[in-house]
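See structure below.
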Amino acid sequence: MKPSICLTFKIHQPTHLRLYRFFEIGKDSHYYDDFANRSLIKKTASDCYLPMNQLLLNLIKSTKGKLKVAFAISGGTLEQFDRYCPEVLDSFRELNATGCVEFLCEPYYHSFAAVADDAEFTHQVNKHRNAIKEYIGADVKSFVNTDMVYTDAIGEKIADLGFKTVLTEGAKHILGWKSPNYVYSCVYNPKLKLILRNPGLSDDISIRFSDRNWNGFPLTAEKYYSWLEQAQGDQVVNLCMNYKVFGEFHPKESGIFDFFESLVNMVISKDCFTFATPSEIAKKYAAVDSIDVQDPVSCENEEKDMAKWLGNELQKEAFNKLYALQEKLAIANLPQLWEDYGLLQESDHLFNMNSSFFTDKGNHRYVNPYDTPFEAFINYMNVLADFAIRVDEELN
Amino acid sequence: MFGWEFPPHIAGGLGTACYGMTKGLAENGVEVLFVMPSASGDEDQSAVRILNASDVPVADNMALDVDKYFEKVQFYQIGTNMIPYADPDDFAEIVENERMMMDKNYRIQYGKKYKFSGKYGANLMEEVARYAMAGATLALEHKDEFDVIHAHDWLTYMAGVAAKKVTGKPLVVHMHATSFDRGSEKNIDTRVYSLERRGMEAADKVIAVSELTRNICINKYGIPPEKVVAVHNAVDFSGKEAINVERGIDDKIVTFLGRITYQKGPEYFIEAAAKVLKRCPNVRFVMAGSGDLMDKCVLHVARLGLSDRFHFTGFLRGAAVTQMFALSDVYVMPSISEPFGISPLEAMQTNVPSIVSKQSGCAEILDYCLKVDFWDVDAMADAIYGLLQYPAVHKLAQEKGYEEVNNLKWTAASAKIKAVYESVL
């Protein structure tokens, strides 16, 4: 059997908080920087989402449906598309109509509810499932957690929610000598198949493509294909990356669109690989082994752990204080409160408080509106204080 | 009188104190010629005549008289990056500017005017030296118009000393703060220390803003006790209107307001907050201000898990400060070392009961505030708890405190200063 290439694109637009002063606590309950959110998504739409969707659509047509891709779009992002640039949603619907695109399920608010609160996690997964149906018209079959965070326990929850496939990071410390290019299963539930991201080949495109100090520069389709060929005999190469790689992290002038187009054409003409979506791969291959993951694994940073979000005391404090409100919120049970609660769970708030960006000069392509983790923390906690007051008011 | 700043252009409390003092002196029948490095012309001259040192060409014949002082002062000009009262946020900029300044080889030029910035930072030491020259020139010019020289804080001491040398008139120096209040015990700026010491040694009398400061002058600077007099500051609330703020928070608010630096004792405030929050849930703590310990404090609060009840506002100015006081139910000043400390007085004037450390000068004159040792976080927590939980205590401290601070008049304080003047004539 020919090995498969699984292309997965992650899309998430963070909901930036505005500068929220102590003096506003209890008085003003609008927390978001609508101007920044709107202008950021509009820019990305014109640089990346629209041109890349168009390119995918053209390639699917020209290859007669041989190109297959998958998307993981967060719920907050779907809402932002709907509000600020509905034409992007149209193009995703068009892609869905080709039948060559799978849409993956993830926690609606791009949160770490999976490691915080079971009820909230279930709620967000179901909410996202419905949102994909509503906005795109697709049924979700496979799951990928926020930033690919995974443990055996999360795997079990996902299986209980009816999924048979989950994507996560092919991190060295969980694989040991094993290769990421095979389908594995969850130790707790052998029916749940794991598809692992190939970190090397994914990052060659997503991070290193325009790095002039990299010995692989300039990256051509031929060169990249020769690396792919080494996976012949394996089951699957999962290339999973942020969709913004196309047109934003690597601007159009870097040649990233042309590279992608020639790569797809080359794969199809050489006919040694087939493109497949995660659910197709799960059907096609049996798991070769199970993988045991006790501590959370993610697709971020060198250690592939959760240190970027929950590494320092500020992040842990914010995380704990946020989820401590869950019980009260369930009693208050007000739609507006649930919505703010969801948006405050976005992983980006925690990411902005990470302390490694002082030293991390590597690929920092994410917008961090704050100069220091302390500023990010103070602003977030001010917002959270107001939110907590609203929850309490509702209870009294 | 030699000062460094005068309202409306003020950075620290020094200008405000000088303003109140000169008004009080006028009421006591003392005329004041106020020399400042950089006057803008919009200062309130109802009680003083302001002389601008920037307008003074340093006379050639002056050089002989003050040359030896100048040589000593010049020693301190090199590579200073000492900023007494600057907002910490400006620090980086100041250091950068200074580095550029150091490249230029500057010298005091005789017969030329020098434009003083009158600020704190960059070439502060150079300004101090030039101010001494210009001050001496002015003193010589106005020789027949004054009887006593009065210099405020180390910045102006060299000017006072030079003026005394050229005119032979008695000198009074005023210690508003000491080097020991700016740094920790083992980490003081020795250049400032020796300017302070030199000023006090050359003076006929030293005025300290509190007994606490007086003791430091005696013990740490070796000034003879009979030479040092404590005259407590007063506070002038005229022109200050009460503001009404809309409260967004029902909980009681306990406030710390000031620079978040070592000598202000912010960490004791956090520890006390942790103790109070264990007992009463409906309280919020606010640390208003910025400073080099701010990030450390944020982390400290997060570690204690108090971040949902402990807020940081960042640096506040003008109306925001008044607003902060108006929102507060209890004010705490846990300073490790505070020569006087005007902020609790402002709080009490806004009807906010205050807790001050026994290590602050204002504790000596206030009866209706609670006093604790800065290190005694249990006592501090007790005091906060008491003011929050027992309305009778709160009411008493509020009403009597308000009365008390409104009775602290510069007229009375200035009368004591006048007595000091008379003692040296």
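Take each of the peptides A:206-218, A:23-35, A:65-77, average the number of other beta-carbon atoms within 10 Å over its residues, and list them starting from the highest. Intermediate values should be presented prior to the final figure.
Values: A:206-218: 14.0, A:23-35: 16.2, A:65-77: 22.9.
Answer by packing, highest mean first, reads A:65-77, A:23-35, A:206-218.
Applying 1/(1 + (r/R0)^6) with R0 = 22 Å to the Cβ-Cβ distance of A:HIS173 and A:ASN320, what FRET efficiency is obtained, to the nearest 0.05? Don't skip to the answer; put the middle values down first.
Numbers: r = 26 Å, r/R0 = 1.18.
Calculated transfer efficiency: 0.25.
Please grab the % of Cα pairs in region B:141-198 that end up more than 17 Å from each other.
Details: 700 of 1653 pairs.
Tail of P(r) above 17 Å: 42 percent of Cα pairs.
Grab the Cα-Cα distance for A:LYS64 and A:ASP295, subtract it from 0.36 nm times how many residues apart they are, and report the gain in nm with one decimal.
Working: separation 231, 0.36 × 231 = 83.16 nm, distance 4.26 nm.
Once the chain is fully extended between A:LYS64 and A:ASP295, it gains 78.9 nm.
What helices does chain A have that are whole DSSP H segments, at least 27 Å long along their own axis by Cα, and with mean Kyte-Doolittle hydropathy of -0.5 or more? Don't skip to the answer; put the middle values down first.
Details: long enough: A:373-395 (32 Å, 0.38).
Qualifying helices, which must be both long enough and hydrophobic enough, are A:373-395.
Taking the Kirkwood radius as the inverse of the mean 1/r across Cα pairs, report the Rg/Rh of region A:153-279.
Details: Rg = 16.2 Å, Rh = 16.1 Å.
Rounded to two decimals, Rg over Rh is 1.01.
Calculate the radius of gyration of the Cα atoms of region A:249-308 to one decimal place, then report Dmax, the largest Cα-Cα distance, as a whole number, both in Å.
17.4, 43
May I ask for the percentage of alpha-carbon pairs in region A:91-172 that lie more than 20 Å from each other? Working shown, then result.
Working: 1025 of 3321 pairs.
Counting every Cα pair in region A:91-172, those more than 20 Å apart make up 31 percent.
When the gyration tensor of region B:273-320 is built from Cα positions, what are the square roots of 5 times its three eigenvalues, in whole Å, from largest to smallest?
21, 14, 7
Using 7 Å Cα-to-Cβ label points, what is the B:SER46/B:ALA319 separation (nm, one decimal)?
Each label point is offset 7 Å from its Cα along the Cβ direction, giving 2.4 nm.
Students often get this wrong, so check it: of B:LYS264/B:LYS371; B:LYS23/B:LYS264; A:LYS27/B:LYS252; A:LYS2/A:LYS68; A:LYS2/A:LYS284; A:LYS321/B:LYS278, which have C-alpha atoms separated by over 18 Å? Numbers along the way, then the final one.
Details: B:LYS264/B:LYS371 15 Å; B:LYS23/B:LYS264 30 Å; A:LYS27/B:LYS252 16 Å; A:LYS2/A:LYS68 15 Å; A:LYS2/A:LYS284 11 Å; A:LYS321/B:LYS278 16 Å.
Long pairs (Cα-Cα over 18 Å): B:LYS23/B:LYS264.
So for region A:95-234, what percent of the C-alpha to C-alpha distances run longer than 17 Å? Walk me through the numbers on the way to the answer.
On the way: 6463 of 9730 pairs.
Within region A:95-234, distances greater than 17 Å cover 66 percent of Cα pairs.
Can you list residues from other chains, or at least 5 along the same chain, whose modelled amide H is less than 5 Å from the amide H of B:ILE50?
B:PHE34
Per DSSP helix of 4 or more residues, -39500 (n - 2.57); summed, then divided by the residues of chain A. What does that give at 222 nm, rounded to the nearest 500?
Numbers: 18 runs with 179 residues, N = 396.
Calculated mean residue ellipticity at 222 nm is -13000 deg cm²/dmol.
With no solvent and one point on each alpha carbon, what is the Debye value of log10 I(q)/I(0) for region B:176-308 at q = 0.12, 0.21, 0.22 Å⁻¹?
-0.71, -1.16, -1.22
GNM on chain A, C-alpha springs below 10 Å: top fluctuator among A:LEU104, A:LEU329, A:LEU239?
Ranking A:LEU104, A:LEU329, A:LEU239 by mean-square fluctuation puts A:LEU329 first.
May I ask you to give the average projected area over all directions of the convex hull of the Cα atoms of region A:54-130, in nm² rounded to one decimal?
5.5 nm²
Going by average Cβ density within 10 Å per residue, which order do the peptides B:388-396, B:126-134, B:194-202 take, highest to lowest?
B:126-134, B:194-202, B:388-396
Could you please rank A:GLU106, A:GLU120, A:GLU156, placing first whichever residue has the fewest other Cβ atoms within 10 Å of its Cβ? All intermediate terms of the calculation are to be shown ahead of the outcome.
Working: A:GLU106 29, A:GLU120 24, A:GLU156 15.
Sorted ascending by nearby Cβ count, the order is A:GLU156, A:GLU120, A:GLU106.
Using modelled backbone amide H atoms (1.01 Å from N, in-plane), which distant-in-sequence or interchain residues come within less than 5 Å of B:PHE2's amide H?
Amide H neighbours of B:PHE2: B:VAL35, B:HIS150, B:ALA151, B:HIS152.
Return one quarter of the surface area of the convex hull spanned by the alpha-carbon atoms of region A:28-70, equal to its mean projected area, in nm². Can you show the working numbers first?
Values: hull surface 16.4 nm².
Mean projected area of the Cα convex hull: 4.1 nm².
Using the Cα centre as the reference, give the magnitude of the dipole from point charges on the C-beta atoms of region B:117-256 (Lys, Arg: +1; Asp, Glu: -1; all else neutral), rounded to the nearest 20 debye.
Values: 18 positive and 20 negative charges, 105 e Å.
Around 500 debye, computed over region B:117-256.
For region A:28-166, state what percent of all Cα-Cα pairs lands in each successive 5 Å bin, counting from 0 Å until the bin that includes the largest distance.
Here the calculated profile for region A:28-166 is 2, 9, 18, 19, 18, 15, 11, 5, 1, 0, 0.
Give the average, rounded to an integer, of partner chain Cβ atoms located within 10 angstrom of each Cβ in B:299-305.
On the way: counts 8, 1, 6, 13, 4, 2, 6.
Mean partner-chain Cβ count within 10 Å for B:299-305: 6.
Between B:GLU246 and B:ASP292, what is 0.36 nm times their sequence separation minus the Cα-Cα distance? Round to one decimal in nm.
That works out to 13.4 nm of additional length.
So how strong a dipole does the protein assembly as shown carry about its Cα centre when Lys and Arg Cβ are +1 and Asp and Glu Cβ are -1, to the nearest 20 debye?
Details: 86 positive and 111 negative charges, 235 e Å.
I would put it at about 1120 debye.
Count neighbours as other Cβ atoms within 10 Å of each site's Cβ, and list the GluC sites (Glu not before Pro) in region A:271-357 that are DSSP loop with at most 10 such neighbours. Mind dumping the intermediate values first?
Numbers: sites: A:GLU280, A:GLU300, A:GLU302, A:GLU303, A:GLU313, A:GLU317, A:GLU327, A:GLU339, A:GLU346; in loops: A:GLU300, A:GLU302, A:GLU303, A:GLU346.
The qualifying sites are A:GLU302.
Would you work out the charge dipole size for chain A about its Cα centre, treating the Cβ of every Lys and Arg as +1 and the Cβ of every Asp and Glu as -1, and quote it to the nearest 20 debye? Don't skip to the answer; put the middle values down first.
Details: 41 positive and 55 negative charges, 287 e Å.
Taking the Cα centre of chain A as origin, the dipole is about 1380 debye.
Using the charge dipole of the protein assembly as shown (Lys, Arg: +1 at Cβ; Asp, Glu: -1 at Cβ; taken about the Cα centre), state which of B:CYS18, A:HIS12, B:LEU370 has its Cα farthest towards the positive end.
A:HIS12
Of A:LYS61/A:LYS270; B:LYS165/B:LYS227; B:LYS227/B:LYS400; A:LYS141/A:LYS252; A:LYS127/A:LYS178, which pairs sit farther than 26 Å apart, going by alpha carbon to alpha carbon?
Working: A:LYS61/A:LYS270 18 Å; B:LYS165/B:LYS227 19 Å; B:LYS227/B:LYS400 35 Å; A:LYS141/A:LYS252 32 Å; A:LYS127/A:LYS178 35 Å.
Pairs exceeding 26 Å: B:LYS227/B:LYS400; A:LYS141/A:LYS252; A:LYS127/A:LYS178.
Just tell me which aspartates and glutamates come within less than 17 Å, Cα to Cα, of A:LYS66; anything on the same chain fewer than 8 places away is out.
Within reach: A:GLU94, A:GLU102, A:GLU261, A:ASP271, A:GLU280.
Provide the packing ranking of B:381-387, A:143-149, A:264-270, i.e. peptides ordered by the mean count of other C-beta atoms within 10 Å per residue, highest first. All intermediate terms of the calculation are to be shown ahead of the outcome.
On the way: B:381-387: 21.6, A:143-149: 25.7, A:264-270: 16.0.
With the highest mean Cβ count within 10 Å placed first, the list reads A:143-149, B:381-387, A:264-270.
Need the list of aspartates and glutamates near B:LYS409 for cross-linking: C-alpha distance under 12 angstrom, and skip anything on the same chain fewer than eight residues off.
B:GLU27, B:ASP236
With all pairs of different alpha carbon atoms counted, what Kirkwood hydrodynamic radius in Å does the protein assembly as shown show?
Values: mean 1/r = 0.0321 Å⁻¹.
In the protein assembly as shown this quantity evaluates to 31.1 Å.
Would you calculate the convex hull of the Cα atoms in region B:364-425 and tell me its volume per residue in Å³? Don't skip to the end; give the middle numbers.
On the way: hull volume 5.1 nm³, N = 62.
Convex hull volume per residue, Cα atoms: 83 Å³.
Need one value for A:371-380: mean number of C-beta atoms belonging to other chains within 10 Å of its residues' C-beta atoms.
On the way: counts 0, 3, 3, 8, 4, 0, 7, 9, 2, 1.
Mean partner shielding for this stretch: 4.
With the dipole of region A:246-396 worked out from charges on the C-beta (+1 for Lys and Arg, -1 for Asp and Glu) around the Cα centre, which of A:THR274, A:GLY255, A:ALA376 lies farthest toward the positive end?
My answer, from the dipole projection, is A:THR274.
Considering only Cα-Cα distances, which of the following residue pairs are longer than 25 Å: A:LYS42/A:LYS223; B:LYS358/B:LYS395; B:LYS395/B:LYS418; A:LYS133/A:LYS304?
Working: A:LYS42/A:LYS223 34 Å; B:LYS358/B:LYS395 22 Å; B:LYS395/B:LYS418 37 Å; A:LYS133/A:LYS304 32 Å.
Table pairs above 25 Å Cα-Cα are A:LYS42/A:LYS223; B:LYS395/B:LYS418; A:LYS133/A:LYS304.
Read-outs throughout are calculated quantities, based only on the coordinates presented, and are distinct from any laboratory measurement. Since the structure is predicted, the reported quantities are computational estimates derived from the model, not experimental observations. FYI the Cβ positions are ideal-geometry reconstructions off the backbone, even for glycines, and counts take in every protein chain you see.
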